[in-house]
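Comments concern the structure below.
No lab work stands behind these numbers, since they all come straight from the coordinates. Only a predicted model underlies this, so the values are computations on that prediction, with no experimental measurement involved. Cβ sites come from the backbone with ideal geometry, for glycine too, and all protein chains shown count toward neighbours.
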Ligand SMILES: *Cc1c(COP(=O)(O)O)cnc(C)c1O
């Protein structure tokens, strides 16, 4: 059942430039699936629910680099930051950013985050509009953060077969990243975009981090 996982990871890594990070999205898949990826030498995994991550962390090697990619509710921030999460991709409001920073200070830890940008057509997707993110970057917010490093942006494209549309949205996100960079500093270096069905397009548009689930682990149950 898990024998294809190593093969899928190796195939995808073989197609990625070395400067593009692969986040293997293991949500809804059992720890045995992640163990198969670890055996293949892959250490970066993405989860989208705090509950599920909480259950998985103690069952797997401390070498795993856990990324949180799902919608994060403020009331789950404390629990999430108690876990060894190395990057939160889904900071979609100023309120959440402040809550994360306050909790990281309280816990005496540092945390890396990405700002989620809304570039897709679907109104259901969350995140900052590019101009909202620019306003944030030019405000005193970045300097006011005490324990949080904003490392870049995350974006999702519309769910459509229209490659032109997807490409336009990814290019919009990449352009916003470049516009934000001067005010955000040297650590602002990450563009998280691209999933199983659109990662080739995302990489062409300047992604530095792809989040791939079903193309590695198969369909989610
Ligand atoms: C589930 C998820 C992915 C992975 O999706 P696949 O289509 O299975 O590759 C990537 N990013 C986010 C934010 C997700 O929630």
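Of the numbered criteria (1) in a loop (DSSP other than H, G, I, E, B); (2) more than 9 Å from the ligand (Cβ to nearest atom); (3) touching a residue at least 40 places away in the same chain (Cβ under 8 Å); (4) within 19 Å of the chain's Cα centre (by Cα), the one residue 146 fails is (4). Filtering 133, 186, 176, 202 for residues that are away from the ligand (no atom under 16 Å from the Cβ), buried (at least 18 other Cβ atoms within 10 Å of the Cβ) and farther than 14 Å from residue 91 by Cβ leaves a single hit, 176.
The single residue among 9, 69 that is within 14 Å of the ligand (Cβ to nearest atom), farther than 30 Å from residue 95 by Cα and surrounded by 20 or more Cβ atoms within 10 Å (Cβ to Cβ) turns out to be 9. When we screen 85, 141 for residues that are under 17 Å from the mean Cα position of the chain (by Cα) and surrounded by 14 or more Cβ atoms within 10 Å (Cβ to Cβ), the only hit is 85.
One residue stands out in the stretch 189-198 among those that are within 15 Å of the ligand (Cβ to nearest atom) and without any contact (Cβ under 8 Å) to a residue 60 or more places away in the chain: the one that is nearest to residue 37 (Cα to Cα), namely 196. The set of residues from the stretch 49-64 being loosely packed, with under 15 Cβ neighbours inside 10 Å and within 16 Å of the ligand (Cβ to nearest atom) comprises just one member, 51.
Within the stretch 153-165, restricting attention to residues that are surrounded by fewer than 23 Cβ atoms within 10 Å (Cβ to Cβ) and touching a helix residue (DSSP H, G or I) at 6+ places or on another chain (Cβ under 7 Å), the residue that is nearest to residue 16 (Cα to Cα) is 163.
Scanning the stretch 205-221 for residues that are surrounded by fewer than 24 Cβ atoms within 10 Å (Cβ to Cβ), within 12 Å of the ligand (Cβ to nearest atom) and either in a helix (DSSP H, G or I) or under 14 Å from the mean Cα position of the chain (by Cα) (or both) gives 212, 213, 214, 215.
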